[in-house]
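Presented below is the structure to which this report refers.
The values are calculated or read from the model by the stated rules, or taken from the named source; none is laboratory data. Treat the numbers as computed from the prediction; the structure is a model and nothing was measured. Every residue, glycine as well, gets a Cβ built from its backbone with ideal geometry; the counts of neighbours run over all protein chains shown.
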Amino acid sequence: MATAKSPEDHAFRSIVDRHERQFRTVGDMVYEVLRESIQTGIFAPGERLRQDQLAEQLGVSRIPVRSALMQLETEGLIKVHPYRGATVAELSVDEMRENYEIRGVLEALALRKAAAAMTKKRMTALRKLADELNAVSDGEDFLRLRMAFYHELYDGDRHPQLVALIEKLRNDAGRYWLQRHVDYVSRPGERDHGKILDFLAADDVEGAVAWQQEHLQRVGARLTDLMTRAGARADG
């Protein structure tokens, strides 16, 4: 049975250190650390989260840990089982396939809405983010830059509810990619996020949507295939 990460775990410790330096309540710090650790794959899907171990690692009492776990349960990131405690929520292959289907609908809507209000300033910012996204190799940095890119692309400041729904679904898929330590689509230098900007720069919104949908279908198919093969190996 999986257990919480040890205090020596570098990735977990770096998240704790970063949030401890920010001026927030203990409860907020614990919640943010656990949430980020789940979203970045440090705590893997299905992994058990023990309140006493987490409290010891974070240097806090069990009260803020319990409160954070309750909040994470309402967000669907963990599941609390009677007599077993909390585990990181898992998605089945069918649920992951549905994740990408829903994203296809929502992201097409977001792209069309944002394209209608595209500005030169936003396009410049997007080009810079696309270049950084194309060059990065670290998994956590890739997730951070990808979120920033799509938040800007979909004009998240103007459409916060729509973009929040998309980001929730994307994060659910992202932690499975990180768990498997594989690139999303290609290696650094070969990614193609700039192509969608080329369509928008040419005022070809439907071309951008078509590229977006093909991209989602390709990435979703790859992840569900990896999950299916992993399940077959586990059953075997």
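Report yes if GLY27 is surrounded by 13 or more Cβ atoms within 10 Å (Cβ to Cβ) and among the small types (Gly, Ala, Ser), otherwise no.
In short, yes.
Tell me, yes or no, whether the stretch 189-196 has at least one residue that is surrounded by 14 or more Cβ atoms within 10 Å (Cβ to Cβ), at pLDDT below 95, within 17 Å of ASN99 (Cβ to Cβ) and in the same structural domain as LEU133 (by TED's automatic domain parsing).
No: zero hits.
Are there any pairs, at least 6 apart or on different chains, whose C-beta atoms fall under 6 Å, with the first in the stretch 163-174 and buried (at least 17 other Cβ atoms within 10 Å of the Cβ) and the second modelled with pLDDT of 90 or more and not in a helix (DSSP H, G or I), and if so, which?
Matching pairs, first to second residue: VAL163/TYR154; VAL163/GLY156.
To keep it simple, each residue is scored yes or no on (1) surrounded by 15 or more Cβ atoms within 10 Å (Cβ to Cβ); (2) in the same structural domain as THR224 (by TED's automatic domain parsing); (3) within 24 Å of GLU32 (Cβ to Cβ).
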residue	(1), (2), (3)
GLN53	yes, no, yes
GLN57	yes, no, yes
ILE63	no, no, yes
GLU75	no, no, yes
ILE78	yes, no, yes
ARG84	no, no, no
ASN99	yes, yes, yes
ALA108	yes, yes, no
LEU111	yes, yes, no
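With respect to THR124, determine if the residue is of a type in the set (Ser, Thr, Tyr) and either more than 30 Å from LEU49 (Cβ to Cβ) or within 16 Å of the chain's Cα centre (by Cα) (or both).
Criteria met by THR124.
What number of residues within the stretch 121-138 are closer than 14 Å to ALA201 by Cβ and either in contact (Cβ under 8 Å) with a residue 24 or more places away in the chain or not in a helix (DSSP H, G or I) (or both)?
Here the count works out to 6.
With the checklist (1) under 30 Å from ALA208 (Cβ atoms); (2) touching a helix residue (DSSP H, G or I) at 6+ places or on another chain (Cβ under 9 Å); (3) free of Cβ contacts under 8 Å to residues at least 40 places away in the same chain; (4) not hydroxyl-bearing (Ser, Thr, Tyr) in hand, flag the one item ALA55 doesn't pass.
(1)
Any residue at all in the stretch 126-139 that is of a type in the set (Ser, Thr, Tyr) and touching a Gly at 6+ places or on another chain (Cβ under 7 Å)?
No, every residue in the stretch 126-139 fails to be of a type in the set (Ser, Thr, Tyr) and touching a Gly at 6+ places or on another chain (Cβ under 7 Å).
For the stretch 139-161, name all the residues that are free of Cβ contacts under 8 Å to residues at least 12 places away in the same chain, acidic (Asp, Glu) and assigned to a helix (DSSP H, G or I).
Within the stretch 139-161, just ASP141 meets the criteria.
Does GLY46 satisfy the criteria of being at positive phi, surrounded by fewer than 15 Cβ atoms within 10 Å (Cβ to Cβ), in contact with an Asp or Glu (Cβ under 8 Å, 6 or more places away or on another chain) and not assigned by TED's automatic domain parsing to the domain that holds MET227?
In short, yes.
If you check ASP225, ASP235, ASP157, ASP204, which single one turns out to be surrounded by fewer than 19 Cβ atoms within 10 Å (Cβ to Cβ), over 27 Å from VAL93 (Cβ atoms), acidic (Asp, Glu) and at pLDDT below 95?
Only one candidate qualifies: ASP157.
Inspect all residues belonging to the stretch 87-101 and state whether any of them is more than 19 Å from HIS193 (Cα to Cα), touching a Lys or Arg at 6+ places or on another chain (Cβ under 6 Å) and not aromatic (Phe, Trp, Tyr).
yes
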